[in-house]
Amino acid sequence: MPQGLRHGASRRILVIFLTGVLLLKTYWLWHGAWGDPIAAMPLIVRQARMWQDFHSLLEQHAPTGSPPLIILGAGAQRFNPLSDSVRQNYIYNAVDLLQPMQEAHDGFVKAIQAPIDPAYVPRTKGIVSAAGGTYLPTFVVSLRMLRRTGSTLPVELFLKDWGEYEPYICGIVLPALNAQCRVISAILVNQETEKGHAHKIEHYQIKSFAMLFSSFESFLWMDADCFPLHDPSILLNYKPFTSTGLVTWPDFWTNTMSPIYLNISRQPELPTSARQATEAGVILVSKRSHFHTLLLSAYYNFHGPSWYYMLLNQESPGTGDKDTYLQAATALGAKFYAVSEPVADLGNRAGDGGVQGAAMLQADPIQDYDLTSRGKWRVRDPSVAKAPRGFFIHATNPEFNPGKQLMGEKSKKTDGTPGRLWTADESALRRFGYDAEKAYWEEAKTVACTLEHNFVTWRDKSGICQGMQEHWGAIFEDPDAEAPIFTTGLFWS
Ligand SMILES: *[C@@H]1O[C@H](CO)[C@@H](O)[C@H](O)[C@H]1NC(C)=O
């Protein structure tokens with residue numbers, strides 16, 4: 001073989017070899033350990049990138065024209081599963097809204113089909129909540145109730161801005177309970193919009209953005225004043241969550257969205273008897289199947305206060321974000337399971353024989369699904385089966401914040417001495433399985449007496465711990481006090 005040819009061949013081999021090394025090196029640099037350049041970035045970078053892309057879509061497809069105008073709203077209408085009524089429109093300028101809002105909605109739904117990095121950590125599960133200021137003590141009490149069930153799920157707590165960040169609570173107290181503070185304004189860095197103003201995200205709007213920017217793939221959302229009676233991990237591991245990826249719970253009220261919303265979002269008519277409005281204190285979401293649902297729900301919330309809250313609730317009780325999650329799913333044709341077992345009122349017996357509502361009991365979705373998948377709809381006929389066990393309590397009025405109104409009028413008996421808050425309805429109490437009110441008071445007392453001087457909103461108050469100890473003693477250490485019954489007996493299944 002001539003010397004020159006051999007020399008040429010080995011040079012070629014060397015060039016190919018070096019190119020290969022260079023390509024491999026570039027590949028490793030670019031793709032990192034996981035083989036995907038975006039997945040290899042720190043989560044905070046991915047979230048910031050996601051917000052930049054997503055924020056411009058929210059602004060580009062903002063509704064235009066004049067916002068919905070309501071003169072007389074829907075008010076409180078109880079859900080009736082047995083008879084349909086005409087879906088009422090209360091929006092005065094509905095005809096004018098339709099076309100521009102539909103165009104914007106169509107445009108947004110189309111725009112989110114583009115690849116957007118969902119910015120979560122695959123195969124993770126956890127719990128997401130939001131609280132700040134006077135809600136922070138309530139959240140810590142609820143978190144302790146969660147840990148009492150044996151749950152070890154990590155918790156992410158979203159705060160509106162750094163003004164709500166309490167260093168001692170976020171740095172010391174919460175990490176010990178496997179919970180972390182996240183500041184939403186630090187992720188949603190507002191760029192100047194085209195209109196020259198920055199869009200503020202606050203109140204009800206925070207929730208959908210907290211869900212969107214939590215790091216978990218599957219999560220349970222819990223309001224700060226909600227707690228589970230049992231370890232909630234089971235809910236993320238079984239149907240209906242595993243088969244649908246979105247589970248919501250019902251409100252007392254009927255779904256009062258405007259028929260014009262259904263036109264705007266191109267959905268068929270929905271009978272008023274189909275399901276209740278949502279009580280969004282607890283929700284289960286999988287981002288793997290419902291990332292787009294969360295994007296559309298964020299659109300409804302971003303444009304909520306002047307536009308979509310009106311369309312979705314028409315000034316019924318709790319107008320706000322509550323129906324944005326389920327409606328976003330139905331607008332996109334995504335799967336969902338809406339628990340049908342009615343929410344139950346908890347409180348003391350009122351003068352008229354009813355319950356003076358202080359809290360709400362939400363049912364076990366696994367047991368509810370077990371019944372409805374066999375055609376047993378207790379919501380239409382309660383005699384078809386025994387009620388599912390209670391799974392969550394949403395304690396709204398009063399909240400369990402010992403520095404707020406917890407020891408106020410509602411927790412006093414007619415003679416003015418301290419008393420229980422939840423003594424009715426007896427059938428709902430039997431679905432607890434144990435004395436959850438006593439446990440909740442106990443956690444509130446512990447929080448009052450260990451963190452009395454630590455919450456910012458408790459700083460100007462005094463005697464919170466002592467007040468709780470006295471209140472506790474009067475209710476739970478009185479040997480003559482009668483406790484309600486919390487089980488249905490030995491054969492509870
Ligand atoms: C809205 O949709 C319904 C049925 O889906 C249809 O009957 C009705 O005409 C639509 N309304 C308008 C104003 O387009």
Requested in this report: Provide a single number: the residues in region 429-442 that are touching a residue at least 40 places away in the same chain (Cβ under 8 Å), surrounded by 20 or more Cβ atoms within 10 Å (Cβ to Cβ) and not aromatic (Phe, Trp, Tyr).
Outcome: 3
Report summary line: Apart from one, (1) over 21 Å from the mean Cα position of the chain (by Cα); (2) surrounded by 15 or more Cβ atoms within 10 Å (Cβ to Cβ) all hold for SER373; the odd one out is (2)
Query raised in the report: If you check PRO240 against the conditions, is it surrounded by fewer than 19 Cβ atoms within 10 Å (Cβ to Cβ) and at negative phi?
Result: no
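Out of all the residues in region 56-69, which are of a type in the set (Gly, Ala, Ser), more than 16 Å from the ligand (Cβ to nearest atom) and touching a helix residue (DSSP H, G or I) at 6+ places or on another chain (Cβ under 7 Å)?
Of all residues in region 56-69, those of a type in the set (Gly, Ala, Ser) come to 56, 62, 65-66.
Then keep just the ones that are more than 16 Å from the ligand (Cβ to nearest atom); that gives 56, 62, 66.
Of everything in region 56-69, those that are of a type in the set (Gly, Ala, Ser), more than 16 Å from the ligand (Cβ to nearest atom) and touching a helix residue (DSSP H, G or I) at 6+ places or on another chain (Cβ under 7 Å) turn out to be ALA62, SER66.
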Query raised in the report: Of everything in region 247-261 that's of a type in the set (A, V, I, L, M, F, W, C) and within 16 Å of the ligand (Cβ to nearest atom), which residue is surrounded by the most Cβ atoms within 10 Å (Cβ to Cβ)?
Result: MET257
Query - Residues being of a type outside the set (Asp, Glu) and part of a loop (DSSP other than H, G, I, E, B) - total across region 143-185 - result: 10
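So which of ALA344, ALA358, ALA338 is closer than 22 Å to PRO259 by Cα and among the small types (Gly, Ala, Ser)? Working first, answer last.
Numbers: ALA344 fails: closer than 22 Å to PRO259 by Cα; ALA358 fails: closer than 22 Å to PRO259 by Cα.
Every option except ALA338 fails the conditions.
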Query raised in the report: What is the one condition in (1) exposed (fewer than 14 other Cβ atoms within 10 Å of the Cβ); (2) part of a loop (DSSP other than H, G, I, E, B); (3) away from the ligand (no atom under 16 Å from the Cβ) that ALA119 does not satisfy?
Result: (1)
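Just one of VAL128, VAL109, VAL155, VAL183 is surrounded by 15 or more Cβ atoms within 10 Å (Cβ to Cβ), within 16 Å of the chain's Cα centre (by Cα) and either within 21 Å of ASP321 (Cα to Cα) or within 16 Å of the ligand (Cβ to nearest atom) (or both); which is it?
On the way: VAL109 fails: within 16 Å of the chain's Cα centre (by Cα); VAL155 fails: either within 21 Å of ASP321 (Cα to Cα) or within 16 Å of the ligand (Cβ to nearest atom) (or both); VAL183 fails: within 16 Å of the chain's Cα centre (by Cα).
None of the other options fit; the residue is VAL128.
Restricting attention to strands (runs of 3 or more DSSP E) lying wholly within region 226-309, give those where 2 or more residues are among the β-branched types (Val, Ile, Thr). Even if it seems obvious, please write down each step before you answer.
Values: elements: 226-228, 246-254, 276-286.
Ranges flagged: 246-254, 276-286.
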Requested in this report: Restricting attention to region 262-288, report how many residues are away from the ligand (no atom under 16 Å from the Cβ) and surrounded by 19 or more Cβ atoms within 10 Å (Cβ to Cβ).
Outcome: 13
Query - In region 76-106, residue nearest to the ligand (Cβ to nearest atom) [restricted to those that are surrounded by fewer than 14 Cβ atoms within 10 Å (Cβ to Cβ) and in a helix (DSSP H, G or I)] - result: VAL95
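Across region 374-392, what is the number of residues that are in contact with a Lys or Arg (Cβ under 8 Å, 6 or more places away or on another chain) and over 18 Å from TYR434 (Cα atoms)?
Within region 374-392, the subset in contact with a Lys or Arg (Cβ under 8 Å, 6 or more places away or on another chain) is 384-385, 387-390.
Still in the running and over 18 Å from TYR434 (Cα atoms): 384-385.
Going through region 374-392 one residue at a time, the tally reaches 2.
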Query raised in the report: Any idea which of (1) more than 16 Å from the ligand (Cβ to nearest atom); (2) at pLDDT 95 or above; (3) aliphatic (A, V, I, L, M) is the one LEU72 doesn't satisfy?
Result: (2)
Query - Considering residues of region 235-246 that are of a type outside the set (Ser, Thr, Tyr) and either within 16 Å of the ligand (Cβ to nearest atom) or out of contact with any Asp or Glu (no Cβ under 9 Å at 6 or more places or on another chain) (or both) only, the residue farthest from PHE291 (Cα to Cα) - result: ASN237
Requested in this report: Among the candidates GLY245, GLY171, single out the residue that is touching a His at 6+ places or on another chain (Cβ under 6 Å), at pLDDT 95 or above and of a type outside the set (Asp, Glu).
Outcome: GLY245
Report task. From (1) part of a helix (DSSP H, G or I); (2) in contact with a Pro (Cβ under 9 Å, 6 or more places away or on another chain); (3) under 30 Å from SER215 (Cα atoms), pick out the condition that doesn't hold for LEU58. Result -> (2)
Report task. Determine, yes or no, whether ASN401 is part of a loop (DSSP other than H, G, I, E, B), within 19 Å of GLY419 (Cα to Cα) and not hydroxyl-bearing (Ser, Thr, Tyr). Result -> yes
Query raised in the report: What are the pairs, 6+ residues apart or on separate chains, where a residue within region 261-272 that is over 15 Å from VAL86 (Cβ atoms) has its Cβ under 7 Å from a residue that is near the ligand (Cβ under 10 Å from one of its atoms) and modelled with pLDDT under 95?
Result: none
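The values are calculated or read from the model by the stated rules, or taken from the named source; none is laboratory data. Every value quoted in this text rests on a predicted model; they were computed, and no experiment measured them. Neighbour counts run over all protein chains shown; Cβ positions are idealised from the backbone, glycine included.
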